[in-house]
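Notes to accompany the following structure.
The values are calculated or read from the model by the stated rules, or taken from the named source; none is laboratory data. Everything quoted here is computed from the prediction, not taken from an experiment. FYI the Cβ positions are ideal-geometry reconstructions off the backbone, even for glycines, and counts take in every protein chain you see. Each accessible area value is taken on the protein alone, full model and side chains, heavy atoms only, with ligands, DNA and RNA left out. Shrake-Rupley method; radii C 1.70, N 1.55, O 1.52, S 1.80 Å.
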Amino acid sequence: MPRPRAPDLRLAGALVLAAALAGAAPGRARAHDPAAGPSLQVVADPPQLVLGRDAGADLRIAVPEDAQDVAVSASAGRVEDVRRSPPGGYSARFLAPAGRVPQVAIVAAIARTPRGIVDGWVAIPCSGQADARVRAAPGAEIALDIAGRRFGPRTAGSDGVAVIPIVVPPGVREAHHGFKPIDLKVPDTPLLHGALERATALADRTERVRVFTWVVAPHGAARRGDAPTYEASRGSVASTERQPGESEAIWTLPPGRAGEERLVVRLPTSPVSRIVLRLETVPGPAAVVAVSFDRDGVVAGAEEGVGLAVRALDTAGNPVRAALAVEAEGAALQDVREPEPGLLLGRLRAPASLGGRTEAVIRASVPGAGVSGTRTLPLLAGPPARAYLTPASAPVRSRQEAVLVLRVADAGGNPVSPEPRVAADRGKVIAVARSGPGTWRVRWTAPDVEAPSLARLVAEAGGVRATAEPVLLPPRPRASVAFAGGGARDLRGSSWVAEAGAALDVAAGPSRVLPLGLEVAWRAEVRALDVASHLGMALLGGGSASRVLSPTLVVRTTASVGAWVTGAAAAPAGRLGIDLGIERRGIAPFVETALLGATGGTDGAFAALTVSAGIRLGVERP
């Protein structure tokens, strides 16, 4: 017999694994839970296929009467036209995989019932066809034995090649020529199929999804003791074997992002047995309204404003498609648009004058879900536009300390707080201390001057400038003497009073003196054509305060108490006066109006309104 050489077996095609569902032993079915009801059964007609000759097989799926739906998948080829078939159950069409590589197609089905999920599966062996090119001596007859079937004989041509059509069942890897084995070079094919109980899960909570896997031997029988491994893109997987060839796992996913999650299932003993199961995680219901800004604050009067984004999110932070509402307090909400459900975009613009507000409040909600959220945004003043330096309310004496107030504001009048610099052309700036938003207290000591003059202080802050010119006065004399005289009308209308007096003023502070006075008054009282004359004297002492209106004009108020003496009698007396004087070179002429009165005496009580003129020597020179 001629000795044939190893054949060149060209089995065309490639194995393509598809997503699958749950199953059981070939041609059988099981329920996940024995209490779930009758098992689901899958039957293929014909039960085996020859690739390249048979287009596919008809599937009959027996399900419980209360099954709500059924999903069918295959590890190779595809399933189509799934439909209910009378009187019960489902039917479908399995289309054989392309190519002619011998393999096993695992077809699985799952159905949902009120009591739980039932599933079943069937393995469909698919034999491959090819032409075996066997080299031998020209004219030799060659036959091959494959899996108990004989193919040939065929005669080798003049080129020494015999072409023998063969059919190779799955799991068979060699032919025999007599007692000699010949490697058919059949590639490895996948032996694994898997499916998820559902295609989607919620992303905002912990989800547990069942995973079903089936493993077959190369020829199609259920494979015992060959457990698959699992690699999840997120979460963990715990697996148990239900029966030979069947495993069930629980894929636990913690809350996280929405999107596609993947579970890779591998068979360690078969490198080509690998499938990828995909699960879509979708957002849960709206639970949070998130408000975000593109800047840290909104500037008063700024045209560009601040970008605003409002999003509806689930508890895991995934965007949710939902209707939104938004409102703002303290800023204008403009250009609001909804590019997609669950997202609002807009701009916030602050008014030029903030009216003392320091933040805007934005409130957003999902009205239909009763979900709301609030966020604040700082309101910021614009750049400095004006400054005010308020001088002391009265002239400042030599070497006296005064406090000025500096205020800085933007164009809308809102306080701004740049760091100021203050300088004085005379005297010394002691300290500049913040006393509030946009406000500083400037402590300044006046220089020593001999005559009335002005000082100039200049403050600069953020590019704006303010000036103040306080009035400077020489030091106050320690004492002065005043002489005055005038007349008065008795307030009761029955007498006239003529008076003359003198006072010694002793300095008691920058603007106050203590006057000690002596006043002599003559009263003429008219009673029914009789004229009674009374000579009295007022001895008074009290206090005085002055206010300089200009470098030469001074207003003084005086209050004195003492005694009114007439003859040997004395009675309590008082005087309240106000005078206006012009002070130049230590001499101050003045005019005074006063109220003089006494409670008794030899001539009885009286009250008189006096008008007098006088002169003050050694006065408090401005």
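The residue that is farthest from residue 454 (Cα to Cα), among those in segment 411-439 that are aliphatic (A, V, I, L, M) and free of Cβ contacts under 8 Å to residues at least 40 places away in the same chain, is 433. When residue 548 is tested against the conditions (1) touching a residue at least 12 places away in the same chain (Cβ under 8 Å); (2) under 60 Å from the mean Cα position of the chain (by Cα); (3) open to solvent by 40 Å² or more (accessible area, probe 1.4 Å), the lone failure is (3). Across segment 440-464, the number of residues qualifying as surrounded by fewer than 19 Cβ atoms within 10 Å (Cβ to Cβ), touching a Leu at 6+ places or on another chain (Cβ under 7 Å) and free of Cβ contacts under 8 Å to residues at least 40 places away in the same chain comes to 2. Of the residues making up segment 257-311, those that are within 20 Å of residue 199 (Cβ to Cβ) and surrounded by 17 or more Cβ atoms within 10 Å (Cβ to Cβ) are 258, 261, 263, 265, 275, 277, 279, 281, 283, 284.
Note on segment 114-146: among residues that are of a type in the set (Asp, Glu) and within 21 Å of residue 178 (Cβ to Cβ), the one that is least open to solvent (accessible area, probe 1.4 Å) is 145. Considering segment 207-218, and only residues there that are touching a residue at least 60 places away in the same chain (Cβ under 8 Å) and open to solvent by 20 Å² or more (accessible area, probe 1.4 Å), the residue that is nearest to residue 253 (Cα to Cα) turns out to be 207. Within segment 157-165, is there a residue that is of a type outside the set (Lys, Arg) and in contact with a Phe, Trp or Tyr (Cβ under 7 Å, 6 or more places away or on another chain)? Yes; the residues of segment 157-165 include at least one that is of a type outside the set (Lys, Arg) and in contact with a Phe, Trp or Tyr (Cβ under 7 Å, 6 or more places away or on another chain).
Taken over segment 65-113, the criterion of being part of a strand (DSSP E or B), under 30 Å from residue 184 (Cβ atoms) and open to solvent by 50 Å² or more (accessible area, probe 1.4 Å) is satisfied by 78 alone. I'm trying to understand the selection: among the residues of segment 47-64, which are closer than 25 Å to residue 115 by Cβ, more than 55 Å from the chain's Cα centre (by Cα) and open to solvent by 10 Å² or more (accessible area, probe 1.4 Å)? Once the filter is applied, which keeps residues that are closer than 25 Å to residue 115 by Cβ, more than 55 Å from the chain's Cα centre (by Cα) and open to solvent by 10 Å² or more (accessible area, probe 1.4 Å), segment 47-64 yields 60, 62.
Answer yes or no: is there a residue in segment 230-248 that is open to solvent by less than 20 Å² (accessible area, probe 1.4 Å) and under 30 Å from residue 313 (Cβ atoms). No.
Of the residues making up segment 552-586, those that are open to solvent by 20 Å² or more (accessible area, probe 1.4 Å) and either assigned to a loop (DSSP other than H, G, I, E, B) or in contact with a helix residue (DSSP H, G or I) (Cβ under 6 Å, 6 or more places away or on another chain) (or both) are 552, 567, 568, 585. In segment 147-206, counting only strands (runs of 3 or more DSSP E) that sit wholly within it, the ones holding 2 or more residues that are open to solvent by 10 Å² or more (accessible area, probe 1.4 Å) span 149-155, 161-168, 174-177, 180-183, 200-202. Look at segment 388-410: where a residue is free of Cβ contacts under 8 Å to residues at least 40 places away in the same chain and over 14 Å from residue 422 (Cβ atoms) and a partner is assigned to a strand (DSSP E or B) and among the basic types (Lys, Arg), sitting 6+ places away or on another chain with Cβ atoms under 8 Å, you get 409/386. Can you find even one residue in segment 117-136 that is in contact with a helix residue (DSSP H, G or I) (Cβ under 8 Å, 6 or more places away or on another chain), more than 21 Å from residue 264 (Cα to Cα) and in a strand (DSSP E or B)? For segment 117-136, residues in contact with a helix residue (DSSP H, G or I) (Cβ under 8 Å, 6 or more places away or on another chain), more than 21 Å from residue 264 (Cα to Cα) and in a strand (DSSP E or B): present.
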